[in-house]
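For reference, the structure discussed in these notes is given below.
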Amino acid sequence: MREYIQELNAAALALERAKNVVTVSHRRPDGDTIGSALSLATALEAAGKTVSCFCVDEVPLSLAPFIGSRMFTSDKAVFASADTIVVLDSGDLRFVGVEGVFSCLGRKPIVINIDHHVINEKFGDINLVITTAASTTEAVFALLKIMRVSVTPEMATNILMGIVTDTMMFFNPATTASSLQVAAELERLGGDLKKVSRLVSKNKNIESLVLWGKALERLKWDKSRSRVSTAIMANELIAWRRATMPLTGFQIS
C-alpha cells in the first residue's frame, strides 16, 4: 500500500476534519460495498462524527445479520447537510445512482472515492483507488490503519465480508497474498470468518443458480481423459453479470 500513501493520508485528513459524513453504496449492494460502509461508519461514529449510510437499492436480507440496527436510506435529502461524502466500491457515480446530485447542493461537499476497480473514473476530490486490493474493504482497512482506528471484532467481520465476497472465499483470481494476510490479521482482531463464509456459500441469488443449472446441464464426461467439461455461453455470462454485478465497462471478448 506504500504507493497509495498520499491518497491514504489525504482521505484520513479529510475524514478527521469532517463533521457530517454520508457513505454511499452501489446499486444491487453486495458484501463489499456494505461491509465498507459499515466498518467506516462505525469508526467515524466512534470519533464523534455524524454518519448516514445511503444506498439507492434495498440492502439484501442475506446481509441483515451484519447490519444489525444500522439503517440505510435511499432518501437523497440526506446529502443536504453532509460536508463529506464517501462513495464506496463504485467505478462511477451512475452506479450509485447519484449522478448530478452533488453539484445541486447548496455547498459542495468533499467527495472521497474509495474503490479497487481498474475502471474507476476518479470522480472524487480524493481518489483512494487501490487497484491491487482484492476488495474495497481492504482499502478501507488500510485507511483505518492510517487513521489509527482501534478495529473492533464487529468492524473486522464487516471488512472480512468484503474480502470473502469479492474473492469468492479466496477461490477466484482476485485472491492475493496481501488479501490472505489481511484476512488473517482481521481474524486475529476478532473477525468472524465462519459467519462471513456462511454468507457467501449459502446465500445465492436466483441468477447465479440459473447459470449454475445451465453449466451442470451441459456437463460432459470424457472417459478417455478422465475429464469433465461444460460450457457457458458469452451472452449468458454477460446477462448474469449485468443482473448481479453491473460494473461499468464490463466486457467479455
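The table for this structure:
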{"read-out": "Failed item, numbered, when VAL111 is tested on (1) crowded, with 22+ Cβ neighbours inside 10 Å; (2) touching a Ser or Thr at 6+ places or on another chain (Cβ under 9 Å)", "value": "(1)"}
{"read-out": "Subset of the stretch 76-96 (residues that are over 20 Å from SER39 (Cβ atoms), touching a residue at least 12 places away in the same chain (Cβ under 8 Å) and either of a type in the set (Ser, Thr, Tyr) or out of contact with any Pro (no Cβ under 8 Å at 6 or more places or on another chain) (or both))", "value": "LYS76, ALA80, SER81, GLY91, ASP92, LEU93, ARG94"}
{"read-out": "Residue pairs meeting the criteria (Cβ under 8 Å; at least 6 apart or on separate chains; first free of Cβ contacts under 8 Å to residues at least 12 places away in the same chain, in the stretch 1-21; second open to solvent by 100 Å² or more (accessible area, probe 1.4 Å) and part of a helix (DSSP H, G or I))", "value": "none"}
{"read-out": "Residue check, GLU45 part of a helix (DSSP H, G or I), within 21 Å of the chain's Cα centre (by Cα), of a type in the set (D, E, K, R) and within 13 Å of VAL140 (Cα to Cα)", "value": "no"}
{"read-out": "Filtered residue count, the stretch 10-25, keeping only those that are open to solvent by 10 Å² or more (accessible area, probe 1.4 Å) and either more than 19 Å from ALA142 (Cβ to Cβ) or β-branched (Val, Ile, Thr) (or both)", "value": "3"}
{"read-out": "In the stretch 48-74, the residues that are under 19 Å from SER150 (Cα atoms), in contact (Cβ under 8 Å) with a residue 12 or more places away in the chain and part of a loop (DSSP other than H, G, I, E, B)", "value": "LYS49"}
{"read-out": "Among the residues listed as ALA142, ALA134, the single one being surrounded by 15 or more Cβ atoms within 10 Å (Cβ to Cβ), out of contact with any Gly (no Cβ under 8 Å at 6 or more places or on another chain), not hydroxyl-bearing (Ser, Thr, Tyr) and not in a helix (DSSP H, G or I)", "value": "ALA134"}
{"read-out": "Residues located in the stretch 145-168, provided they are touching a Gly at 6+ places or on another chain (Cβ under 9 Å) and not polar (S, T, N, Q)", "value": "VAL151, PRO153, GLU154, MET155, ALA156, ILE159, LEU160, MET161, GLY162, ILE163, VAL164, ASP166"}
{"read-out": "Count of the stretch 201-253 residues which are open to solvent by 80 Å² or more (accessible area, probe 1.4 Å), at pLDDT 80 or above, among the charged types (D, E, K, R) and part of a helix (DSSP H, G or I)", "value": "1"}
{"read-out": "Condition check for GLU99: among the acidic types (Asp, Glu), free of Cβ contacts under 8 Å to residues at least 60 places away in the same chain and under 20 Å from MET147 (Cα atoms)", "value": "no"}
{"read-out": "Test set (1) within 28 Å of the chain's Cα centre (by Cα); (2) surrounded by fewer than 13 Cβ atoms within 10 Å (Cβ to Cβ) - THR176 fails condition number", "value": "(2)"}
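Rundown of residues vs (1) farther than 24 Å from ARG17 by Cβ; (2) open to solvent by 10 Å² or more (accessible area, probe 1.4 Å); (3) among the aliphatic types (A, V, I, L, M), yes/no style:
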site	(1), (2), (3)
ALA41	no, no, yes
VAL51	no, yes, yes
CYS55	yes, no, no
ILE67	yes, yes, yes
ASP75	yes, yes, no
ALA80	no, yes, yes
ASP83	no, yes, no
VAL87	no, no, yes
SER90	no, no, no
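The values are calculated or read from the model by the stated rules, or taken from the named source; none is laboratory data. Quantities reported herein were computed from a predicted structural model and do not represent experimental measurements. All Cβ positions, even for glycine, are placed from backbone atoms using ideal geometry, and neighbour counts span all protein chains on display. Note: areas computed on protein heavy atoms with side chains; ligands, DNA, RNA excluded. Shrake-Rupley method; radii C 1.70, N 1.55, O 1.52, S 1.80 Å.
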